[in-house]
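Here's the structure, in structure tokens; my notes come after.
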Amino acid sequence: MGLLGKKPPCAICGGKVGFLLPTKIDGEYICSNCDAKIDMQRDLRDGLTMQGLREYMVYYEENKRLQEQFQISEKVDFGWWDTKLIFDYENHLFCMSKQPDKTIFQGAELVSFTIKEDTTPLYEGDAKALKRYTSTVPERVRAMEPQLVQYIMNKRMEESMERRMEREDEDYHRTYIPSIDISEPFHSFQVEIHLNHPYWKVVTCDMNGPTFSNDRPDVNDYIRDYQNDIEEIEKLVNALKTVAFPQAVEQSVGAPGLGGFVQQVQQPQQAGDTIEDIKKYKSLMEEGIISQEEFQEKKRQLLGI
């Protein structure tokens, strides 16, 4: 039988099997409709047998009843690729989709969850406790301010030199000015949801952390964006607690690995450093790069007034 030859009916529902690249399990074909119903962890999907698929279809029909009763109480947008989580507070259900059209998880099936900034814990939750760790990100960003000031000055000097050379030489061809490359304090929020479930043991997703503007990296802008992200993550944390661990004791915990962090944070600025930074901002103001109001705001920040 050739690639485009007639296929036998679906081994699950008896429906028509498509011609192009149909799914085949244990030598038997299944139709696209049955294939679309399979929602399980990748390693389980890869090792699926026909007997296992038939058992899964029984589970699917049972789970479908949860889909039908699902009432969306909360939606959480998580990640650049539109990862969605929805929650049904009344029935203690949640789903990794924008509509209840995939596997519905019951709150009782949730064992624990963790949310990290890269590898550093930010939240940990289980039936006993919900722990909120103190993030070191705001302090680490503020410690970068002198570095950001220098980046801005270097970039503006390059642009000013470029404009001057263009005016003096009509045949001058503009060269590429590389964008600022600044390493953010962390890259992404990492979520792991651990389950006691026949087809899912762990669900993972991530969301990119804030980034600095290449044009004018600013500490306050970064912290504002970070706080907006934290609000969405807090919504996720509270939703998971509501459906799974409503009795969990909430705890505030100091930043993990604080000793290691302290070694990375720059020491407080000396008076001489503060004066030099004020001079740098004044130069930016005089060149018209920042306004007088922006200069005064930075000056107050640096002087702590």
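The values are calculated or read from the model by the stated rules, or taken from the named source; none is laboratory data. Keep in mind the model is a prediction, meaning the values are calculated, not measured. Don't worry about glycine lacking a Cβ; one is built from the backbone with ideal geometry, like all the others, and counts go over all protein chains shown. Keep in mind that these areas ignore ligands, DNA and RNA; they rest on the heavy atoms of the full protein, side chains included. Shrake-Rupley method; radii C 1.70, N 1.55, O 1.52, S 1.80 Å.
At-a-glance table
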item	result
Cα centroid separation - the stretch 114-149 against the stretch 43-77, whole Å	34
Extended-chain gain in nm, criterion 0.36 nm per residue less alpha-carbon gap, Ser291 and Lys102	62.8 nm
Distance (nanometres) between label positions extended 7 Å along Cα→Cβ at Asn214 and Lys24	4.7
FRET efficiency for Gln247 and Ser73, using Cβ-Cβ distance with R0 set to 22 Å, rounded to 0.05	0.75
Extension reserve of the Asp118-Lys6 stretch, reckoned as 0.36 nm per residue once the Cα distance is removed	35.3 nm
Cβ-Cβ FRET estimate between Thr134 and Lys299, R0 fixed at 22 Å, reported to 0.05	0.15
Net charge of Cβ neighbours under 13 Å - reference Glu28; Lys, Arg +1; Asp, Glu -1	+1
Burial order of peptide ranges 23-34, 133-144 (average beta-carbon count within 10 Å, highest first)	133-144, 23-34
Neighbour net charge for Phe19 - beta-carbon separation under 11 angstrom, K R +1, D E -1	+3
Distant-in-sequence amide H partners of Thr83 (H built 1.01 Å from N, under 5 Å)	Phe78
Spatially proximal aspartates and glutamates relative to Lys128 (Cα-Cα < 13 Å; intrachain offsets below 8 disregarded)	Glu250
Thr204 - accessible surface, heavy atoms, 1.4 Å probe, Å² rounded to 10	90
Accessible area, probe 1.4 Å, largest first, for residues Tyr56, Tyr199	Tyr199, Tyr56
Candidate lysines for bridging to Lys155, where Cα separation is under 24 Å - those fewer than 8 sequence places away on the same chain excluded	Lys279, Lys280, Lys282, Lys298, Lys299
Environment charge at Val219 (Cβ cut-off 10 Å; Lys +1, Arg +1, Asp -1, Glu -1)	0
Accessible-area ranking of Leu240, Leu20, Leu66, largest first, probe 1.4 Å	Leu20, Leu66, Leu240
